[in-house]
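K.L.:
Supplied in structure tokens, the structure appears directly below.
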Protein chains: 2
Amino acid sequence: MNKSRWEEILAVSARLFREKGYRATTMDDIAYELNVTKPALYYYIKTKHDLLYAICESAVEQLIEGAKQIMAEEAGIEEKLRRLLAWHVSMFSANSDMTTVYLAEESELPEEKRKFIRSLSREYQDYYRQLLQQGIETGLFREMEVPMVVRAISGMCNWLFDWYRPDGKFSAEEIAGMFFDLVMRGCLKEQPERKPARAARKRNAAKV
Amino acid sequence: MNKSRWEEILAVSARLFREKGYRATTMDDIAYELNVTKPALYYYIKTKHDLLYAICESAVEQLIEGAKQIMAEEAGIEEKLRRLLAWHVSMFSANSDMTTVYLAEESELPEEKRKFIRSLSREYQDYYRQLLQQGIETGLFREMEVPMVVRAISGMCNWLFDWYRPDGKFSAEEIAGMFFDLVMRGCLKEQPERKPARAARKRNAAKV
DNA sequence: TATTGTTTACTTAACGTTCAGTAAGTATGA
DNA sequence: TCATACTTACTGAACGTTAAGTAAACAATA
């Protein structure tokens with residue numbers, strides 16, 4: 001089964017909204033890329049905002065879906081945090097148009113829809129909050145202002161939209177690894193075990 | 001001496017661009033808030049883009065100006081990093097309209113001007129880079145991929161535009177303090193001295 | 001199997017509004 | 001009388017959206 005027309009429209013819209021911005025992209029632009037005329041789009045949507053909304057909703061729901069799965073997996077707090085960060089970063093390589101548009105243009109949504117998207121966004125951030133809180137309670141992490149650390153983590157990940165390029169020096173996995181190092185060390189109560197200094201570190205087996 | 005008309009225009013424009021977005025703000029909106037008619041604005045500017053450009057340039061130049069001063073001060077690496085972060089965050093409380101517009105709408109600038117602003121932005125980030133590099137060289141910080149850490153720091157600070165409110169729970173200084181804690185611990189080679197608190201630390205006399 | 005009706009996926013043409021920008025004129029003060 | 005700081009009145013283009021129509025595919029019936 002090939003991609004449905006609706007998904008095609010969303011993919012093209014997301015790409016253009018990302019490249020030129022939501023307001024700067026005209027319905028003609030989108031129609032042109034789909035090889036149809038502008039009014040044809042109105043066979044599928046009621047307004048231009050519908051397109052933006054569908055993109056934002058899809059992005060944040062995918063984020064949440066992934067996070068939900070990770071939280072349900074059997075793993076320690078540290079491992080879950082690692083996976084959550086990796087998932088967050090990987091969304092920028094796998095679905096970069098959608099994710100970027102969601103972060104950069106969400107403010108263009110009409111008030112009502114915008115609020116709903118932001119509530120989903122908070123739901124997503126809550127997974128970070130839970131992990132950090134659990135980490136403090138179990139003595140893994142130092143005492144800290146959890147919501148502020150969540151914002152810091154969200155910030156460093158979301159800011160990917162400003163600089164991430166698929167053809168960049170580092171893969172999504174590598175970026176996530178570096179962010180994880182930074183966050184983990186920043187939150188740990190005790191300093192992590194030093195690695196054997198210069199031993200092979202390709203696949204780390206190091207568990208704490 | 002009262003604020004010049006030009007500064008007034010920039011301040012009003014920045015506020016509206018922030019509230020409604022650059023594209024959604026009309027020249028009539030700006031003129032209305034200034035109690036003049038639209039063409040009066042064209043006595044001061046040539047195009048709408050001039051307004052956005054002036055705001056972005058002013059924001060990033062103020063950021064750089066502050067960073068330059070901090071870097072020239074007599075202080076250790078750690079203290080300079082603390083001040084740089086505090087300066088970064090404080091721009092969001094002191095000049096939040098301007099700073100937010102610079103981050104959120106810079107992409108609306110025409111290509112040429114946008115490139116210039118982004119080059120200034122890189123200049124600013126370079127101060128973080130220098131400090132981290134020096135920190136590694138002097139043995140204060142662990143080995144790490146400096147540009148990635150700079151991006152993480154920029155991200156957590158810049159993302160303030162998404163959530164910072166002047167009437168929020170924490171002051172700019174407090175936020176900067178928490179960010180500094182997180183970043184500092186994330187970068188240090190050795191764990192920071194625990195405050196004597198009560199008994200001396202149990203573990204962690206082992207330094208590498 | 002031919003006829004008729006219905007649905008899908010569009011098209012052409014245009015409407016109505018918005019909005020950046022301009023031309024030309026004017027009040028005020030030095 | 002000249003510059004400053006506007007005003008009124010307008011232009012031209014862009015753009016979201018709608019109206020009305022249609023070719024092709026499909027379904028129902030006779």
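The values are calculated or read from the model by the stated rules, or taken from the named source; none is laboratory data. Quick caveat: nothing in here was measured; it's all calculated off a predicted structure. Positions of Cβ are generated from backbone atoms using ideal geometry, with glycine treated the same way; all protein chains shown enter the neighbour counts. Side chains are part of the model used for accessible areas, which takes the heavy atoms of the whole protein and leaves out ligands, DNA and RNA. Shrake-Rupley method; radii C 1.70, N 1.55, O 1.52, S 1.80 Å.
K.L.:
Projected onto the charge dipole of chain B (+1 at Lys/Arg Cβ, -1 at Asp/Glu Cβ, origin at the Cα centre), which of B:Met91, B:Phe180, B:Thr25 gives the Cα projection farthest towards the positive end?
P.N.:
B:Phe180
K.L.:
Let me know the charge dipole size of chain B about its Cα centre in debye, to the nearest 20, where only the beta-carbon of Lys, Arg (+1) and Asp, Glu (-1) is charged. Intermediate values should be presented prior to the final figure.
P.N.:
Values: 32 positive and 32 negative charges, 193 e Å.
Dipole about the Cα centre, nearest 20: 920 debye.
K.L.:
Next question, about the same structure. Put a point 7 Å out from Cα along the line to Cβ at A:Arg5; what are the distances to that point in the other copies, in nm, shortest first?
P.N.:
Here A:Arg5 shows inter-copy label distances of 5.6 nm.
K.L.:
If you take the accessible area of B alone, add that of A alone, and subtract the area of the pair, what total do you get in Å², probe 1.4 Å, to the nearest 100?
P.N.:
Details: alone 12640 and 12630 Å², together 21970 Å².
The B and A chains share an interface burying roughly 3300 Å².
K.L.:
Could I ask something else about it? Taking B:Tyr42 in one copy and the same position in all the others, each labelled 7 Å out along Cα→Cβ, what are the pairwise distances from the first, in nm, shortest first?
P.N.:
List, nearest first: 3.1 nm.
K.L.:
If you don't mind, another one. Can you tell me the equivalent ellipsoid semi-axes for the protein assembly as shown? Use √(5λ) from the Cα gyration tensor, largest first, whole Å.
P.N.:
Working: eigenvalues 298, 171, 66 Å².
Over the Cα atoms of the protein assembly as shown, the ellipsoid semi-axes are 39, 29, 18 Å.
K.L.:
Once every Cα of chain B carries one equal point scatterer and solvent is ignored, give the base-10 log of I(q)/I(0) from the Debye formula at q = 0.16 Å⁻¹, two decimals.
P.N.:
-1.07
K.L.:
Once neighbouring chains are kept in place and the probe is 1.4 Å, which whole percent of the accessible area of the range A:4-96 is contributed by carbon and sulfur?
P.N.:
Details: 2240 of 4520 Å².
The computed percentage sits at 50.
K.L.:
Beyond 21 Å between alpha-carbons counts as too far, so tell me which of B:Lys48/B:Lys68; B:Lys46/B:Lys113; A:Lys46/A:Lys113; A:Lys20/B:Lys38; B:Lys46/B:Lys68; A:Lys38/A:Lys113 fall in that bin. Let's see the in-between values first.
P.N.:
Numbers: B:Lys48/B:Lys68 31 Å; B:Lys46/B:Lys113 15 Å; A:Lys46/A:Lys113 15 Å; A:Lys20/B:Lys38 27 Å; B:Lys46/B:Lys68 32 Å; A:Lys38/A:Lys113 24 Å.
Those over the limit are B:Lys48/B:Lys68; A:Lys20/B:Lys38; B:Lys46/B:Lys68; A:Lys38/A:Lys113.
K.L.:
What full-extension length gain, to one decimal in nm, is calculated for A:Gln134 and A:Glu19 as 0.36 nm per residue of separation minus the Cα-Cα distance? Kindly include the intermediate steps, with their values, before the conclusion.
P.N.:
On the way: separation 115, 0.36 × 115 = 41.40 nm, distance 3.99 nm.
Result for the pair: 37.4 nm of gain on full extension.
K.L.:
Rounded to the nearest 0.05, what FRET efficiency is calculated for B:Lys68 and B:Arg122 with R0 set to 22 Å and r the Cβ-Cβ distance? Could the numbers behind the result be given before it?
P.N.:
Values: r = 15 Å, r/R0 = 0.66.
Efficiency, rounded to the nearest 0.05: 0.90.
K.L.:
On to the next question. Quick one: check the C-alpha center-to-center distance for the range B:109-180 versus the range B:53-76, whole angstrom.
P.N.:
Between the Cα centres of the range B:109-180 and the range B:53-76 lies a distance of 12 Å.
K.L.:
Give the average, rounded to an integer, of partner chain Cβ atoms located within 10 angstrom of each Cβ in B:156-166.
P.N.:
Numbers: counts 12, 4, 5, 11, 3, 1, 10, 4, 1, 0, 0.
Going residue by residue through B:156-166 and averaging, the value is 5.
K.L.:
Given a 1.4 angstrom probe, what's the average accessible area per residue across the range A:49-187, in square angstrom? It would help to have the intermediate numbers written out before the result.
P.N.:
Values: 5690 Å² over 139 residues.
On a per-residue basis, the range A:49-187 sits at 41 Å².
K.L.:
Hey, can you list the residues from the range A:124-155 whose accessible area shrinks by 50 Å² or more with all protein chains present, relative to the chain by itself (probe 1.4 Å, no ligands or nucleic acids)?
P.N.:
A:Arg142, A:Glu145, A:Met148, A:Arg151, A:Ala152
K.L.:
Pick from B:Val89, B:Val101, B:Val36: which is most flexible by mean-square fluctuation in a GNM of chain B where alpha carbon atoms under 10 Å apart are linked?
P.N.:
Most flexible of the set in this elastic network: B:Val36.
K.L.:
Taking a label point 7 Å out from Cα toward Cβ, give me the nm distances from B:Ala75 to the same spot in the other copies, shortest first, one decimal.
P.N.:
3.9
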